[in-house]
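The values are calculated or read from the model by the stated rules, or taken from the named source; none is laboratory data. On a predicted model such as this, the values are computed, not experimentally measured, just so you know. All Cβ positions, glycine included, derive from the backbone under ideal geometry; neighbour counts span all protein chains shown.
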Amino acid sequence: MEPFEKDELSDAELDHILRSWSAPAAPARIRAAVFPASSTPWWKRFLTMSIPVPLPVAFCLAFLIAAGVWRWTRPVAPVAPQVLVKTQRVEVPVVQDRVVTKYVYRNAPVAQSAVHSVGFDELRPVAELRPRIIRNGNAKN
Amino acid sequence: MRAKVKIEDAFDRYHEAVFDFAYRLTRSSDLAEDITQECFLALVRAPQRFDPERGTLRAYLFAIVRNLALKNYRDQRPAEPTESHELELSADPRPVLEISSAVGDAVAELPHLQQEALILFQYEGLALEEIAQVLGTDVGTVKSRLHRARERLRRELAPYRNVGGIHGTV
């Protein structure tokens with residue numbers, strides 16, 4: 001064990017050695033970082049100010065501006081004549097052709113349709129055939 | 001407007017000391033610059049947090065630096081060195097020409113609580129009461145930490161006795 005390593009420093013020696021640890025000076029740019037607006041006029045700050053905008057919003061704004069510019073600068077097409085369609089209701093008189101009156105009796109037996117009531121069994125050959133000739137144009141015969 | 005002028009005055013008065021304290025705690029100029037900037041930005045943003053009745057403005061600023069450095073210290077270092085941890089120096093440290101770096105290493109190897117008390121006392125020139133305000137403790141604890149730090153440095157830096165030209169030459 002070497003006495004050189006086991007020795008302890010006195011207060012004065014320790015203070016002297018501790019003072020040999022130097023630190024660098026503070027950079028001057030810290031002031032500009034802490035007080036950025038103090039040395040810049042307001043109009044310069046206004047001209048150089050920036051606003052953070054999300055990328056999707058920026059793309060949408062750029063697209064809208066481009067669409068607006070395109071629409072504003074494109075040549076105006078000739079306007080086609082407008083066709084005005086107007087719907088109007090007109091009342092038209094209708095001539096009544098004929099009136100069909102049907103009487104229905106409340107207590108009468110329900111009449112069956114002739115088509116359904118007549119069958120082939122009821123058909124009988126006539127006893128005497130009497131043909132009758134009706135000439136064309138003779139309304140009385 | 002008046003408060004802003006006061007903050008600028010405080011910056012002009014204390015930013016060197018704040019940077020020095022931050023550098024000695026972190027041993028990094030970039031980190032010390034960031035911490036100094038954050039320290040004064042905190043004062044700019046919320047100057048009402050400083051209460052003159054609780055301590056001096058210098059102690060308040062150093063407390064901010066300490067908190068920021070402590071946060072960085074916890075992020076960077078995995079474990080706090082124990083009180084019994086001994087600095088491992090080379091067998092013959094005298095060839096180390098940069099004694100400043102050796103002292104920085106020795107101080108950095110101190111337990112963190114001793115380290116900040118020693119830096120505030122030795123390098124920033126704070127009184128014991130101010131150190132107690134910065135560290136949030138009492139004067140007796142500060143004295144104890146200082147005593148242990150210096151005792152340890154007496155041993156650790158003893159091999160450098162002659163390197164600094166105290167009693168002779170290298």
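With the condition kept exactly as written, say whether any residue in the stretch A:38-59 is free of Cβ contacts under 8 Å to residues at least 24 places away in the same chain and either in contact with a His (Cβ under 8 Å, 6 or more places away or on another chain) or among the basic types (Lys, Arg) (or both). Talk me through it step by step, then tell me what you get.
Restricting attention to the stretch A:38-59, the residues satisfying the condition of being free of Cβ contacts under 8 Å to residues at least 24 places away in the same chain are A:38-59.
Remaining after also requiring either in contact with a His (Cβ under 8 Å, 6 or more places away or on another chain) or among the basic types (Lys, Arg) (or both): A:44-45.
Checked the stretch A:38-59: at least one residue is free of Cβ contacts under 8 Å to residues at least 24 places away in the same chain and either in contact with a His (Cβ under 8 Å, 6 or more places away or on another chain) or among the basic types (Lys, Arg) (or both).
I want to confirm something. Restricting to the stretch A:10-30 and keeping residues that are surrounded by 12 or more Cβ atoms within 10 Å (Cβ to Cβ) and more than 7 Å from chain B (Cβ to nearest Cβ), which single residue is nearest to B:Phe40 (Cα to Cα)? Filtering first and then ranking leaves A:Arg19. Based on what the data block shows, is B:Glu86 touching a Lys or Arg at 6+ places or on another chain (Cβ under 9 Å), modelled with pLDDT under 90, within 14 Å of chain A (Cβ to nearest Cβ) and not in a helix (DSSP H, G or I)? Yes: the conditions hold for B:Glu86.
For (1) in contact (Cβ under 8 Å) with a residue 40 or more places away in the chain; (2) within 14 Å of B:Arg24 (Cα to Cα); (3) in a helix (DSSP H, G or I), each residue gets a yes or a no:
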residue: B:Gln114; (1), (2), (3): no, yes, yes
residue: B:Ala132; (1), (2), (3): no, no, yes
residue: B:Thr137; (1), (2), (3): no, no, no
residue: B:Arg154; (1), (2), (3): no, no, yes
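Answer yes or no as to whether A:Val53 is more than 14 Å from chain B (Cβ to nearest Cβ), under 30 Å from B:Phe40 (Cα atoms) and within 29 Å of the chain's Cα centre (by Cα). Considered against the rule, which asks whether it is more than 14 Å from chain B (Cβ to nearest Cβ), under 30 Å from B:Phe40 (Cα atoms) and within 29 Å of the chain's Cα centre (by Cα), A:Val53 comes out as yes. Can we say A:Pro36 is in a loop (DSSP other than H, G, I, E, B), at pLDDT below 85, at negative phi and within 14 Å of chain B (Cβ to nearest Cβ)? Considered against the rule, which asks whether it is in a loop (DSSP other than H, G, I, E, B), at pLDDT below 85, at negative phi and within 14 Å of chain B (Cβ to nearest Cβ), A:Pro36 comes out as yes. Of all residues in the stretch B:100-109, those satisfying the criterion of being within 12 Å of chain A (Cβ to nearest Cβ) and closer than 17 Å to A:Leu9 by Cβ are B:Ser100, B:Ala102, B:Val103, B:Gly104, B:Asp105, B:Ala106, B:Val107. When you check A:Val83 against the structure, is it more than 8 Å from every other protein chain (Cβ to nearest Cβ) and either assigned to a loop (DSSP other than H, G, I, E, B) or in contact with a helix residue (DSSP H, G or I) (Cβ under 8 Å, 6 or more places away or on another chain) (or both), yes or no? Yes; evaluated as a whole, the condition is true for this residue. Checking each residue in the stretch B:9-66 for being more than 14 Å from every other protein chain (Cβ to nearest Cβ), part of a helix (DSSP H, G or I) and of a type in the set (Ser, Thr, Tyr) picks out only B:Tyr60.
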